[in-house]
Amino acid sequence: MASTRYAAGPVDVGRLGRSVLQVVGGAVVVWIWTWMDGPGHPMPWPMMVAGVGMVCWFLVDAVRRRRELRALVVDDGGVRIGRVTVAWRDVGEVAVLRNGPQGTSGGQAPEVGVLLRADAGLPSGLTALVRDPDPDVIPAQLRLSTAGWRLDADRLAAAVRAHGGGVALVERWGSARRVLA
């Protein structure tokens, strides 16, 4: 059986860059250690400890942050947009927000957003949430632009159907809406 979990989005370059920096730093320390290990040079224990420490730090950091490499995740826990997780009990609908005239292929990249239920609490990962008086407006903190990556609406719909417990996936163009799942 194929997994119905949906994970998409650009890999966060900042986090990836930090990991690359850790690997390069560890490699430089190991290179200096092997260069100094020639005849007449003592073993540079502080450099060896620092190099091993950097490599271990890289591995622990990579394991700890592996789930944050994708910006949009839909699974049993709810919908995660960036670092914000909205539990299914608080989700009113998941929406693909399109700008521009309906049916056009040009224009801006669509956004994915989560509309909260009226009785929803503060989603995990947020300290405050600005809500519009209009209950159909999705807050900016719960939107994600798909610019730079491809949104697979069919897989997203399958994941929302499988995990959402009746939550709808809708596609919106301004005030027009179409239910996808």
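The values are calculated or read from the model by the stated rules, or taken from the named source; none is laboratory data. If you're wondering where the values come from, they're calculated on a predicted model, not measured in any experiment. Methodologically, a virtual Cβ is constructed for each residue, glycine included, from the backbone with ideal geometry; neighbour enumeration extends over all protein chains shown. For the accessible areas, the whole protein counts, side chains as well, though only heavy atoms, and no ligand, DNA or RNA atoms are used. Shrake-Rupley method; radii C 1.70, N 1.55, O 1.52, S 1.80 Å.
Per-structure values
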| quantity | calculated |
| --- | --- |
| Among residues of segment 113-143, those that are touching a helix residue (DSSP H, G or I) at 6+ places or on another chain (Cβ under 9 Å) and more than 14 Å from residue 85 (Cβ to Cβ), counted | 6 |
| All positions within segment 127-155 that are among the aliphatic types (A, V, I, L, M) and over 15 Å from residue 115 (Cβ atoms) | 128, 147, 151, 153 |
| Filtered residues of segment 113-156 (kept if small (Gly, Ala, Ser) and closer than 14 Å to residue 97 by Cα) | 113, 140, 145, 147, 153 |
| Any hit, segment 91-113, residues being over 29 Å from residue 165 (Cα atoms), modelled with pLDDT under 80 and in contact with a Pro (Cβ under 6 Å, 6 or more places away or on another chain) | no |
| Long-range neighbours under 8 Å by Cβ, at least six apart or interchain, first residue within 16 Å of residue 171 (Cβ to Cβ) within segment 143-158, second open to solvent by 40 Å² or more (accessible area, probe 1.4 Å) and at pLDDT 85 or above | 143/111; 144/111; 145/111; 146/111 |
| Residue that is farthest from residue 109 (Cα to Cα) [pool: residues in segment 133-157 that are open to solvent by less than 40 Å² (accessible area, probe 1.4 Å) and outside any loop (DSSP other than H, G, I, E, B)] | 157 |
| Index of the failed condition, residue 130 passing every other in (1) touching a Gly at 6+ places or on another chain (Cβ under 6 Å); (2) modelled with pLDDT under 90; (3) open to solvent by 20 Å² or more (accessible area, probe 1.4 Å) | (1) |
| Extreme residue, farthest from residue 94 (Cα to Cα), among residues of segment 112-127 that are open to solvent by 80 Å² or more (accessible area, probe 1.4 Å) and aliphatic (A, V, I, L, M) | 122 |
| Residue identified as of a type in the set (A, V, I, L, M, F, W, C), closer than 23 Å to residue 176 by Cα and open to solvent by less than 30 Å² (accessible area, probe 1.4 Å) among 94, 86 | 94 |
